[in-house]
1. Regarding Val191, is this residue among the hydrophobic types (A, V, I, L, M, F, W, C), outside any loop (DSSP other than H, G, I, E, B), buried (at least 19 other Cβ atoms within 10 Å of the Cβ) and in contact with a Lys or Arg (Cβ under 6 Å, 6 or more places away or on another chain)?
2. Which of the numbered conditions does Ser103 fail, given that it passes all the others? Conditions: (1) farther than 23 Å from Glu246 by Cβ; (2) in contact with a strand residue (DSSP E or B) (Cβ under 6 Å, 6 or more places away or on another chain).
3. Out of everything in the stretch 276-325 that is over 26 Å from Pro168 (Cβ atoms) and of a type in the set (A, V, I, L, M), what residue ends up being surrounded by the most Cβ atoms within 10 Å (Cβ to Cβ)?
4. Name the single residue, out of those in the stretch 199-227 being among the hydrophobic types (A, V, I, L, M, F, W, C) and assigned to a helix (DSSP H, G or I), that is surrounded by the fewest Cβ atoms within 10 Å (Cβ to Cβ).
5. Just for strands (runs of 3 or more DSSP E) wholly inside the stretch 23-113: which have at least 1 residues that are small (Gly, Ala, Ser)?
6. Considering only the stretch 55-99, how many residues are modelled with pLDDT under 95 and crowded, with 23+ Cβ neighbours inside 10 Å?
7. Tally the residues that are of a type in the set (A, V, I, L, M, F, W, C), more than 17 Å from the chain's Cα centre (by Cα) and either part of a helix (DSSP H, G or I) or modelled with pLDDT under 95 (or both), restricting the search to the stretch 228-285.
8. Which of the residues belonging to the stretch 103-160 are touching a Phe, Trp or Tyr at 6+ places or on another chain (Cβ under 7 Å) and buried (at least 19 other Cβ atoms within 10 Å of the Cβ)?
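The values are calculated or read from the model by the stated rules, or taken from the named source; none is laboratory data. Remember, predicted model here, so these are calculated numbers, not experimental data. A quick note on method: Cβ atoms are made from the backbone with ideal geometry, for glycine too, and the neighbour counts reach across all protein chains shown.
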Amino acid sequence: MNEKPEIAIDMKKNIRKILITGITGSGGSYLADYIFNNKKDVSLEGTSRSINPHGHKNLKNLDKSVKIYNCDLTDFSSCYRAINESRPDTIFHLASIANVRESFLNPIATVNNNVNITLNLLETLRMLKDNDGYNPLLILCSSSEVYGIVEKQNNPITEDTPLNPVNPYSASKLMQDSLGHVYSKSYSLRVIRTRMFSYLNARRRDLFSTSFAMQAFEIANGKRDKLLHGNLESERTIIDIRDAVEAYWICAEKGREGEIYNIGGTESISVGKFLEIIKSKFDQDIHSEICSSLVRPTDIPIQRPDHSKFTSHTGWKPKYSLNEAIGYFLNEVGQNYKQLT
């Protein structure tokens, strides 16, 4: 007998106040923009290591009514103070060092930072729960990198795919992911873990997509002769940043506590094909060549997500095509380039 597919049940949580860790980072700031512009009845707060976070370029779309705590999450007392003062009903944990290539060069810094900030946050929540019952929903934002190298025949990747990280960054995200599971099961913290696949992010120049686009703008304006790249053979499934941050919000509203959710797109493309599309958007020829320093010691050849569980539980689906996502992304990269020149 065939089982009927699960149907999304509209059981929205009443979210009144949220806190984003790493709100000045690229992912955190995009999520902040989404909430600030679309959820006017929600109080928005965040944490940042920046001394003057409201002056950060990633927060130019927010006003100073958004409270941002100057907080070093690697320091337990700083973390505890910020969370205890804020007491949001939902926390999006996005703070992390997220540069994969850099993690090969500085593995200790990457792992220490990403693991300790998450452990401090979870310990803070455990202690506050024990003290007075405070137990907010925590959206722990992990990464598809935790799956590592998955053979083509085993794609699309489900949440049950074995975890096999192949770089220091993904190992640190696996530890974050595992700690979230442990604190959910052992201490009854309200945790949902997400594993986000690739999305276009104009605010992070270290990503291949943003690096390609920014270099192309530099060439078009006579500031560079050639575009440098790493491995072009890898295949990724990419979504629009607007779909990604809306998915985070919907996860908080409708996701099931204790669950893990893959979040990703439906259109796959090789890094090389993506580069050709970027080149085609400019009037002049753009010469490109491989740069050995941009090639990772270990790379993931293919990632295709199965996000059917997330869709069945929440009703979320990507709204934007890959072509629309690239257009939106290039427009923002172009604006960022103008601000730099």
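1. In short, no.
2. (2)
3. Ala325
4. Going through the qualifying residues, I end up with Ala220.
5. Passing ranges, in order: 43-48.
6. Residues that pass the stated criteria total 1.
7. Going through the stretch 228-285 one residue at a time, the tally reaches 5.
8. Ser103, Thr110, Asn120, Leu122, Thr124, Ile139, Cys141, Ser144, Glu145, Ile157
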